[in-house]
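Each reported figure results from applying straightforward, stated rules to the coordinates on display, with no laboratory input. What you see is a predicted model; the values in this text were computed from it and never measured. Please note: Cβ atoms are built from the backbone with ideal geometry, for glycine as well, and neighbour counts cover all protein chains shown.
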Amino acid sequence: MRPARRRVHRAELEGVCVGPRATAERGSMTVELAVLAPALVLVLVAMVAAGRIVIAHGSVEAAARDAARQASISRDPSSARTAALTSARAALAREGLECAPTVSVDTGGFSAPLGRQATVSATVTCDVRLSDLALPGIPGSKVLTSRFVSSLDPFRARGDR
């Protein structure tokens, strides 16, 4: 003889509790969400901060590259410094990065004799603001620095020569 088959209620198949357990777990999902919500917000804000830093670093690298390139096609050290500063500021403005950049240009290559390899380098430093994120543990700003070196044309007249 076979045992009697028990009828299974549809709610049991779908995972919904019925009977005495149904009232014991009521509202537990709300409590779990209330506990996890601050942690999820912190993770989201940390991701925004990391993304902002990565994008800003790319902009600073582009500004250093443009500054070194503009300095390398100048004919003398003073115009190289001016061109590098103007180019770096324009590149950062084009990228939408709001900071007061510090641009230093090494123009020692301009003193090399014609026919010899020489380089000019540009270093761009930018202080990126993060204070609007208000995340504990993240500083109010991050200083980003990038350096790029560009070759001078060995056969192009330099300075007053």
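Matching the structure-derived Cα extents along the principal axes in Å against the labelled list (1) 65, 37, 31; (2) 91, 83, 31; (3) 111, 40, 22 gives the label (3). Shown is the FRET efficiency for A50 and A93, computed with R0 = 35 Å from the Cβ-Cβ distance and rounded to the nearest 0.05: 0.90. Given their separation in residues at 0.36 nm each and the Cα-Cα distance between them, A34 and V143 gain 35.7 nm when the chain is fully extended.
Distances between placed amide hydrogens fall under 5 Å for S141 paired with L130, all partners being 5 or more residues away or on another chain. Pairwise alpha-carbon distances in the stretch 69-141 exceed 14 Å for 64% of all pairs. At full extension, L42 and T86 could sit 12.0 nm farther apart than now, given 0.36 nm per residue minus the alpha carbon distance.
Once you reduce the stretch 38-83 and the stretch 87-129 to the center of their Cα atoms, the two points are 11 Å from each other. 3J(HN,Hα) along the stretch 99-110: 7, 9, x, 10, 10, 10, 10, 9, 9, x, x, 5 Hz, from the Karplus curve 6.51 cos²θ - 1.76 cosθ + 1.60 with θ = phi - 60°, whole Hz, x for Gly and Pro.
Packing, as the average of other Cβ atoms within 10 Å across residues, places the peptides 52-60, 109-117, 92-100 in the order 52-60, 92-100, 109-117, highest first.
FRET efficiency for the T119 to I73 pair, using the beta carbon distance and R₀ = 22 Å, is estimated at 0.95.
A helix-only calculation puts the chain at -15500 deg cm²/dmol for mean residue ellipticity at 222 nm, using -39500 (n - 2.57) for each DSSP H run of at least four residues, averaged over all residues. Backbone phi angles across the stretch 87-97, fed through the Karplus curve with coefficients 6.51, -1.76 and 1.60 (θ = phi - 60°), yield HN-Hα couplings of 5, 5, 4, 5, 5, 5, 5, 5, 7, x, 8 Hz in residue order; Gly and Pro are listed as x. On the beta carbon distance between D132 and R156, with R0 = 45 Å, the FRET formula returns roughly 0.45.
Ordering 149-158, 124-133, 75-84 by mean Cβ neighbour count within 10 Å, with the highest value first, yields 75-84, 124-133, 149-158.
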